[in-house]
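Each remark here refers to the structure printed beneath this line.
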Amino acid sequence: MYDENSSFYETFYADGGWSYSFWREWWWHRKHFIRRFNIPRGAKVLEAACGAGFHTNLFNRMGLRCIGVDASETGIRWARECYPTRTYICADVRGELPLPAASFDVVVTRGCGLYHYDLASPVAMETTPCLMRYLRPGGLLVLIIVTDLSGRKEEGKIWQNTLEDYRDHFTTFTQQCTVDWHRGVAICAAWKPVDGSPSKPDQRRVTRTAAEVHPGGRPRCTTVRV
């Protein structure tokens with residue numbers, strides 16, 4: 001399970017953390033993040049759990065105005081050294097950030113450890129409203145996270161949550177959400193209600209994605225409008 005006192009990330013980020021291909025990440029996020037959600041150039045973005053800062057820098061290079069935040073002092077120190085023209089904040093996203101509420105168009109988090117396990121746990125359930133606090137009314141929260149959709153929950157390993165798990169989690173906070181999956185990655189989006197309260201079922205038009213797993217086969221995604 002997630003251990004907020006673990007030194008894993010401090011050790012991991014000491015050498016820069018994950019190694020990425022710049023152009024591969026550019027094209028992937030252009031298709032599955034910016035174009036998928038029609039995020040305009042110049043949009044104000046907060047990357048939560050930014051790690052060593054690679055994607056915060058990438059999003060700025062792609063024309064967004066992105067700030068990164070992470071609880072790891074080592075990760076943020078690395079980010080500030082590698083990308084000195086970008087803004088990085090060392091803080092727990094579940095706490096009070098030195099940023100004004102309702103001031104971002106988009107909050108995005110990639111592979112955040114707070115979402116790797118039980119999505120109904122207090123840890124996950126307190127994280128989402130904390131992140132949505134920094135969105136303007138109608139703003140977009142995006143979670144990009146690895147899963148094979150199997151539902152496996154092995155001790156000592158990250159959980160392979162299903163699309164239904166993600167859908168159940170985000171519909172707790174808003175009825176305006178989408179859940180999708182592409183080659184091992186769940187792409188979840190939740191819009192902050194404009195009036196501060198969830199939309200009623202007959203007032204929404206939400207694209208949802210259900211996973212159909214056939215015996216001996218691979219997961220297949222089917223889109224359903226409700």
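The values are calculated or read from the model by the stated rules, or taken from the named source; none is laboratory data. All values derive from a computational prediction rather than experimental measurement. Cβ atoms come from the backbone with ideal geometry, glycine included; neighbour counts cover every protein chain shown.
From Ala210, Ala190, grab the single residue that is of a type in the set (Gly, Ala, Ser), modelled with pLDDT under 95 and in a strand (DSSP E or B). Spell out the reasoning first.
On the way: Ala190 fails: modelled with pLDDT under 95.
Answer to the check: Ala210.
Assess whether Tyr166 counts as being among the aromatic types (Phe, Trp, Tyr), farther than 17 Å from Cys50 by Cα and either touching a residue at least 24 places away in the same chain (Cβ under 8 Å) or surrounded by fewer than 21 Cβ atoms within 10 Å (Cβ to Cβ) (or both). It would help to see each step written out before you state the result.
Values: among the aromatic types (Phe, Trp, Tyr): yes; farther than 17 Å from Cys50 by Cα: yes; either touching a residue at least 24 places away in the same chain (Cβ under 8 Å) or surrounded by fewer than 21 Cβ atoms within 10 Å (Cβ to Cβ) (or both): yes.
So Tyr166 passes the test.
Of the conditions (1) part of a loop (DSSP other than H, G, I, E, B); (2) over 22 Å from Ile39 (Cβ atoms); (3) of a type in the set (S, T, N, Q); (4) in contact (Cβ under 8 Å) with a residue 24 or more places away in the chain, Gln160 clears all except one; give me its number.
Against the list (1) part of a loop (DSSP other than H, G, I, E, B); (2) over 22 Å from Ile39 (Cβ atoms); (3) of a type in the set (S, T, N, Q); (4) in contact (Cβ under 8 Å) with a residue 24 or more places away in the chain, Gln160 comes up short only on (4).
With the checklist (1) in a strand (DSSP E or B); (2) closer than 22 Å to Lys192 by Cα in hand, flag the one item Ala101 doesn't pass.
Among (1) in a strand (DSSP E or B); (2) closer than 22 Å to Lys192 by Cα, the lone unmet condition for Ala101 is (1).
Here's a check for you: in the range 21-51, which residue that is of a type in the set (Phe, Trp, Tyr) and assigned to a helix (DSSP H, G or I) is nearest to Val108 (Cα to Cα)?
Quick first cut of the range 21-51, residues of a type in the set (Phe, Trp, Tyr) only: 22-23, 26-28, 33, 37.
Filter once more, keeping what is assigned to a helix (DSSP H, G or I): 22-23, 26-28, 33.
Values: Phe22: 18, Trp23: 19, Trp26: 15, Trp27: 17, Trp28: 15, Phe33: 9 Å.
Of everything passing the filter in the range 21-51, Phe33 is nearest to Val108 (Cα to Cα).
Just checking, does the range 115-128 include any residue being touching a helix residue (DSSP H, G or I) at 6+ places or on another chain (Cβ under 8 Å), of a type in the set (S, T, N, Q), closer than 21 Å to Ala186 by Cβ and without any contact (Cβ under 8 Å) to a residue 40 or more places away in the chain?
yes
So which residues in the range 52-97 are assigned to a loop (DSSP other than H, G, I, E, B), among the polar types (S, T, N, Q) and modelled with pLDDT under 95, if there are any at all?
Of all residues in the range 52-97, those assigned to a loop (DSSP other than H, G, I, E, B) come to 52-53, 62-64, 71-72, 83-86, 91-97.
When the remaining residues are screened for being among the polar types (S, T, N, Q), the result is 72, 85.
The answer is Ser72, and nothing else.
Pairs please, first residue from the range 130-156 and under 17 Å from Asp118 (Cβ atoms), second anywhere and among the charged types (D, E, K, R) and assigned to a strand (DSSP E or B), Cβ atoms under 6 Å, 6+ apart in sequence or on different chains.
If the second residue must be among the charged types (D, E, K, R) and assigned to a strand (DSSP E or B), no pairs are left.
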